Amino acid sequence: MRNLIVILVQFVTTLAVHAEDFNWRTGDGAKAPNTKNQKSISGFGGWLLVTPDKDWEEKWNTPKENIPHFSEAEEVELGEELTILPFFANPKLDENRYFKILCDIKIIKPNGSFSINEIDVPCAEGILEDDPMSIFLTQTVIKYIGEAGDPFGEWTVFFNMKDSLRNVEIPLETSFTLVKSKANKSIQPTANASAD
């Protein structure tokens, strides 16, 4: 895990969602179809986002009425960093409003080897005072930094979010590609000569 850093986030901020039984929504309010990286199953929602935003924490840690917008990354170069943000919504609460989310986390390098392969990582738990229909960021956030020696190609990220009280799992998948620097491609100047 040389180039991947797991960050335990000390806050759970919310973002309001309009839904009776949780479903992800499109910009116009329609129910969004499940995708590899964003799903709702039996009222529990999970979303996996890879962002190049270095200020993601400042964007997220704002008042509830502010809706943060994150850039999404598909490629990263050596020396650049990405952050993998796992979000969830509508965890089941017990009579004391306690919830518990565990995650199986796998990150597979382009050569097929594991960078991370962890089971039942505590992703989020505690007493929830906010509306469970809000969107929450897990306490487990992963930072990737492209380092010399990392294999170029597609890195696949799997997060299996498990709502322990609801007994529901949401398998999420996303990826990013480590590419060789585009800056190394030289642009050849074009000479326009004219004869007088």
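Provide the packing ranking of 123-136, 62-75, i.e. peptides ordered by the mean count of other C-beta atoms within 10 Å per residue, highest first.
123-136, 62-75
Report the antiparallel proportion of the DSSP beta bridges in region 20-179 as a percent, rounded to a multiple of 5.
If we restrict to bridges inside region 20-179, about 95 percent are antiparallel.
For a quick check of your reading of the filter: which trypsin sites (Lys or Arg not before Pro) in region 122-187 sit in a DSSP loop and have no more than 15 other Cβ atoms within 10 Å?
Sparse-neighbourhood loop trypsin sites (Lys or Arg not before Pro): Lys180, Lys185.
Take the residue pairs Lys31/Lys162; Lys31/Lys143; Lys39/Lys92 and return only those whose Cα atoms are more than 24 Å apart.
As for pairs spanning more than 24 Å Cα to Cα, those are Lys31/Lys143.
Extension gain Ile119-Lys54, at 0.36 nm per residue separation less the Cα-Cα distance, in nm?
20.6 nm
HN-Hα J couplings of region 120-126 from phi, Karplus 6.51/-1.76/1.60, θ = phi - 60°, integer Hz, Gly and Pro as x?
6, 6, x, 8, 6, 6, x
When the chain is fully extended, how far beyond the present Cα-Cα distance does Phe70 get from Ile41, taking 0.36 nm per residue of separation?
8.0 nm
So if the hydrodynamic radius of region 38-179 is defined as the Kirkwood radius over C-alpha pairs, what does Stokes-Einstein give as its diffusion coefficient at 10 °C and 1.306 mPa s, in µm² per second?
Calculated translational D: 100 µm²/s.
Percent of alpha carbon pairs in region 40-124 separated by more than 15 Å?
That fraction is 72 percent.
Highest mean first, what order results for 49-58, 97-106 on Cβ atoms within 10 Å?
Packing order, densest peptide first, comes out as 97-106, 49-58.
No value in this document is a laboratory result; all are computed from the given coordinates. Just so it is clear, the structure is predicted and the values come from calculations on it, not from any experiment. Quick reminder, even Gly has a Cβ in these numbers, built from the backbone with ideal geometry, and neighbours come from all protein chains shown.
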